[in-house]
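Notes follow once the structure below has been shown.
Any read-out appearing in this document is the output of simple, stated calculations on the displayed coordinates, not a laboratory observation. The shown structure was predicted, so the numbers you read here are calculated from the model rather than taken from an experiment. Cβ placement follows ideal geometry from the backbone for every residue including glycine, while neighbour counts extend to all protein chains displayed.
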Amino acid sequence: MIFIRMPVPTQQDLKLAQEAFLENEPRDLFYRVATELIRLSIEGKTQITLLEALSVLLQTWNRQYYQYRRFDNQHYTDICNLFERLSRSVFRFRERSILSLAKDDLSNILEIFNEFERVLGPVGASKSLHLLAPDFFPL
């Protein structure tokens, strides 16, 4: 595996990226709803589960992936199993910023991403990790 060293984005870089995203992404509504549902489910303030909220985003933002794959009960079960295995690892990043990235994080991040990618594809993995730990995994 080849690693490419990339500069860590600054807070200004992230702010500019966020502004560009909001300006150019017409599906922001789905993102905002999914983000809010995830926050409410984590806080126990809704009957919608975290995985149901995540599924909202996957089926709207990752529509091309599901064009040739079914989002059926088996796929949802695969997502549940994935989350059961990795939720603790993912949530360790939820309260962190990407600015706190350390060398020691790399192997854990790669393991998490690879597992998510196997179930959700690369775009679904990226978007899911962003929703679960938005300041650590920015889009």
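Restricting Arg96, Arg118 to those that are in a loop (DSSP other than H, G, I, E, B) and among the basic types (Lys, Arg) reduces the list to Arg96.
Figure legend. Inter-residue proximity from region 82-109: first residues over 11 Å from Phe136 (Cα atoms), second residues among the hydroxyl-bearing types (Ser, Thr, Tyr) and exposed (fewer than 15 other Cβ atoms within 10 Å of the Cβ), beta-carbon distance below 9 Å, spacing 6+ or different chains. Indicated pairs: Asn108/Ser89. Selection of region 6-65 for residues being under 16 Å from Pro138 (Cα atoms), crowded, with 16+ Cβ neighbours inside 10 Å and free of Cβ contacts under 8 Å to residues at least 40 places away in the same chain yields only Tyr31.
Restricting attention to region 82-139, the residues that are closer than 25 Å to Phe71 by Cα, exposed (fewer than 14 other Cβ atoms within 10 Å of the Cβ) and of a type in the set (Asp, Glu) total 2. Here the condition is being out of contact with any strand residue (DSSP E or B) (no Cβ under 8 Å at 6 or more places or on another chain) and farther than 30 Å from Pro7 by Cβ; of Asp72, Asp28, Asp135, Asp105, it holds for Asp72 alone.
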